[in-house]
Amino acid sequence: MSFPKEITASGAKALEIAEALNSTTLKILQLLSKERLDITTIAKRIGLSEAYISEQVRALEELKLLNINYERGKRGIRKVCDSTFEKITLVISDESQ
């Protein structure tokens, strides 16, 4: 599946994305802009729990900012993530005026 290199969001979609972005989700997106990683590796690199990272990844996936695949690992199934874009632009102008 091919994804756009850049996403431009405005209106309600821009607000949803802005609300999802915090220091953790930004770090996740930065890591995934370089390589595909599983939840365990992301958690170790950022220094937070796998449960919290999984929760943040789920929010990013719902916004279609991440692509998730399940792959076999050494000890079961791994949830592997990669970014769906290289650049995101949030348009903040209110188009209703």
State whether one or more residues within segment 67-84 are among the β-branched types (Val, Ile, Thr), part of a loop (DSSP other than H, G, I, E, B) and surrounded by 15 or more Cβ atoms within 10 Å (Cβ to Cβ).
yes
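For residue 48, state whether it is part of a loop (DSSP other than H, G, I, E, B), surrounded by 14 or more Cβ atoms within 10 Å (Cβ to Cβ) and touching a residue at least 24 places away in the same chain (Cβ under 8 Å). Break it down into steps so the answer makes sense when it comes.
Working: part of a loop (DSSP other than H, G, I, E, B): yes; surrounded by 14 or more Cβ atoms within 10 Å (Cβ to Cβ): yes; touching a residue at least 24 places away in the same chain (Cβ under 8 Å): yes.
Considered against the rule, which asks whether it is part of a loop (DSSP other than H, G, I, E, B), surrounded by 14 or more Cβ atoms within 10 Å (Cβ to Cβ) and touching a residue at least 24 places away in the same chain (Cβ under 8 Å), residue 48 comes out as yes.
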Which of the residues belonging to segment 33-45 are acidic (Asp, Glu) and open to solvent by less than 40 Å² (accessible area, probe 1.4 Å)?
38
For the structure I just gave you, tell me whether residue 87 is out of contact with any helix residue (DSSP H, G or I) (no Cβ under 9 Å at 6 or more places or on another chain), within 15 Å of residue 26 (Cβ to Cβ) and open to solvent by 40 Å² or more (accessible area, probe 1.4 Å).
yes
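Does residue 57 count as modelled with pLDDT of 95 or more, out of contact with any Pro (no Cβ under 6 Å at 6 or more places or on another chain) and open to solvent by less than 70 Å² (accessible area, probe 1.4 Å)? Break it down stepwise before answering.
Details: modelled with pLDDT of 95 or more: yes; out of contact with any Pro (no Cβ under 6 Å at 6 or more places or on another chain): yes; open to solvent by less than 70 Å² (accessible area, probe 1.4 Å): yes.
Taking the combined requirement at face value, the residue satisfies it.
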Write out, first by first residue and then by second, each pair whose Cβ atoms fall under 6 Å of each other, whose residues are 6+ apart or on separate chains, and whose first residue, in segment 1-16, is at pLDDT below 90 while the second is among the small types (Gly, Ala, Ser) and open to solvent by 70 Å² or more (accessible area, probe 1.4 Å).
none
Quick one: residue 31 ticks every box in (1) modelled with pLDDT of 95 or more; (2) in a strand (DSSP E or B); (3) among the aliphatic types (A, V, I, L, M) except a single one, so which number is it?
(2)
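The values are calculated or read from the model by the stated rules, or taken from the named source; none is laboratory data. Computed from a predicted model, the values in this text were never measured in an experiment. Don't worry about glycine lacking a Cβ; one is built from the backbone with ideal geometry, like all the others, and counts go over all protein chains shown. SASA here: full protein model, heavy atoms, side chains in, ligands and nucleic acids out. Shrake-Rupley method; radii C 1.70, N 1.55, O 1.52, S 1.80 Å.
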